[in-house]
Amino acid sequence: MMMKIPYYPGCTLNTVAKGFDVSARESALVLGFELKELDQWNCCGASFPLTPDNVMGLAAPAKVLANASSEGDVVATLCSVCYNVLKRTNKVMRDDRDRRREVISGFIEEEYEGGLDVVHFLEVLRDKVGFDRVRGAVKRPLKGIKAGAYYGCMLLRPFDDVGIDNAEAPVIFEDLLRALGCEPVEFPNKIECCGAHLAMGGEDIVTRLSSNVMASAAGSGAEIIVTSCPLCQYNLVKSRERMMEEGGDLRIPVLYFTQILGLALGQDEDILELGSGLHDIRPLLEERGI
Amino acid sequence: MKIDREKLHSPFVEQVERVSGEVFANCYQCGNCTGGCPVSFAMDYGPSQIIRLLQLGQEQLVATANSMWLCVGCLQCYSRCPKGVSAASILEALRQMTLRKGEDHEDVGGLPFPFLKDAPQQAIISGFRKFVS
Ligand code: SF4
Ligand code: SF4
């Protein structure tokens with residue numbers, strides 16, 4: 001029977017980032033496992049409370065974890081923010097007796113002691129499937145496409161809680177891209193912030209931070225940018241729109257890593273929601289005869 | 001700037017320490033946090049300066065600075081602090097203390113429709129968490 005991994009999609013993948021969700025699920029099937037959506041889930045709260053004093057902020061993610069624990073001993077996520085919030089909350093529930101008590105008796109009314117393993121889909125590919133096996137399953141190598149792996153913040157920091165890879169010089173993304181035939185490109189801003197929730201009311205700052213990221217990638221020779229966060233994706237794309245309106249010129253498609261994975265595994269382009277205009281990678285693929 | 005003995009341990013300063021879980025005296029002002037902070041260019045005071053002002057009991061300057069509203073929570077400050085201080089937690093504490101008084105930073109009713117329509121849910125939810133009581 002096919003291995004099943006319980007999967008938490010989160011709100012955004014259910015709505016504006018469906019392509020991220022579908023491409024991951026389909027890729028998993030090709031690689032021999034199923035991302036099985038949890039029967040019961042709610043929003044994770046989209047930001048881990050940064051003060052120990054804010055116990056209420058742990059209630060929503062703790063509820064997700066408590067529900068997930070009845071469906072297996074691991075839960076996988078795709079969105080970097082969900083990953084960060086769930087993984088950090090899980091650590092509190094496991095290691096901090098006082099706050100665990102407060103969360104359980106004050107909010108979720110369900111016993112949960114942090115027994116789950118919260119993993120990101122990238123980790124599943126690296127540790128459970130193995131990048132060599134991914135390489136072996138590639139049907140359409142993305143030969144020579146220069147890709148900038150944009151990590152942003154939530155996948156990496158804080159290292160002591162998240163720990164998916166080295167916080168200053170991560171390689172997990174690049175290793176995957178190499179397995180798909182791409183040529184990963186190092187660029188200075190790959191672990192810098194896109195502007196995050198300043199999307200609400202702080203557009204000028206977002207435009208500056210996000211266009212720095214894109215310019216840094218393009219300046220290092222990247223032809224596409226690959227991300228694992230719908231908020232990074234949104235901020236980058238919106239910033240480009242604002243820059244283009246003001247006469248700027250930044251042409252570089254921004255894609256979810258699972259869309260690139262899906263393409264390389266030979267999936268039907270129609271299900272991947274590859275986007276349009278400046279956002280579309282297909283003209284580049286055509287130009288290279290891929 | 002006037003520094004007086006009483007203000008050094010004012011209820012405000014003590015509350016920020018309690019809510020944030022950080023001890024201001026741990027910071028030795030190396031400036032790494034401000035150097036790595038992606039939004040310090042737009043802040044009235046960068047993260048290390050906010051901590052310095054708190055060490056000196058300058059409630060007024062800290063409470064009226066825009067810094068807390070600009071922090072994106074990227075954790076570069078904490079990640080690069082040689083003393084393990086989280087400026088992000090301190091700025092979040094300042095935000096929380098303001099919001100708990102019912103003083104919202106964003107007017108929910110005034111958010112532009114295109115944003116509400118296109119933005120990922122996580123942007124709206126985390127924005128509310130950071131800016132609305
Ligand atoms: S990096 Fe740490 S020790 Fe240095 S100024 Fe910032 S908070 Fe203080
Ligand atoms: S978490 Fe806030 S203070 Fe710290 S580096 Fe990021 S934006 Fe600056």
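In the set (1) within 7 Å of chain A (Cβ to nearest Cβ); (2) modelled with pLDDT under 95, the condition left unmet by B:A93 is number (2).
Let me spell it out: the conditions are (1) within 16 Å of ligand 2 (Cβ to nearest atom); (2) away from chain A (no Cβ under 13 Å); (3) over 21 Å from B:Q15 (Cα atoms), and B:F113 meets all of them except one. Which number is the exception? If we test B:F113 against (1) within 16 Å of ligand 2 (Cβ to nearest atom); (2) away from chain A (no Cβ under 13 Å); (3) over 21 Å from B:Q15 (Cα atoms), just (1) comes out false.
Only residues that are buried (at least 19 other Cβ atoms within 10 Å of the Cβ) and either of a type in the set (K, R) or under 8 Å from the mean Cα position of the chain (by Cα) (or both) were counted in segment B:85-100, giving 9.
Let's see how each residue does on (1) within 13 Å of ligand 1 (Cβ to nearest atom); (2) under 17 Å from A:S47 (Cβ atoms); (3) exposed (fewer than 15 other Cβ atoms within 10 Å of the Cβ):
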| position | (1), (2), (3) |
| --- | --- |
| B:F41 | no, no, yes |
| B:S48 | yes, no, no |
| B:E59 | no, no, no |
| B:A65 | no, no, no |
| B:K83 | yes, no, yes |
| B:F115 | no, no, no |
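Residues satisfying the criterion are absent from segment B:91-107 (criterion: among the basic types (K, R), within 12 Å of ligand 2 (Cβ to nearest atom) and under 25 Å from A:A169 (Cα atoms)). Of all the residues in segment B:24-45, those that are touching a residue at least 12 places away in the same chain (Cβ under 8 Å), out of contact with any Pro (no Cβ under 8 Å at 6 or more places or on another chain) and either of a type in the set (V, I, T) or farther than 13 Å from B:Q76 by Cα (or both) number 11. Do we have B:Q121 as closer than 24 Å to A:R242 by Cβ, within 12 Å of chain A (Cβ to nearest Cβ) and away from ligand 1 (no atom under 14 Å from the Cβ) here? The answer is yes for B:Q121.
Put simply, of A:L116, A:L122 the only residue that is crowded, with 22+ Cβ neighbours inside 10 Å, away from chain B (no Cβ under 14 Å) and in contact with a Ser or Thr (Cβ under 6 Å, 6 or more places away or on another chain) is A:L116.
Scan segment B:45-65 and give yes if some residue there is assigned to a helix (DSSP H, G or I) and within 23 Å of A:N235 (Cα to Cα), otherwise no. No, that holds for no residue.
Taken together, the residues in segment A:53-82 that are touching a Leu at 6+ places or on another chain (Cβ under 7 Å) and part of a helix (DSSP H, G or I) amount to 7. Of all the numbered requirements in (1) in a loop (DSSP other than H, G, I, E, B); (2) in contact (Cβ under 8 Å) with a residue 40 or more places away in the chain; (3) more than 10 Å from chain A (Cβ to nearest Cβ), B:G102 misses one, and that requirement is (2).
The values are calculated or read from the model by the stated rules, or taken from the named source; none is laboratory data. Small disclaimer: the values here were computed from a predicted structure and weren't measured. FYI the Cβ positions are ideal-geometry reconstructions off the backbone, even for glycines, and counts take in every protein chain you see.
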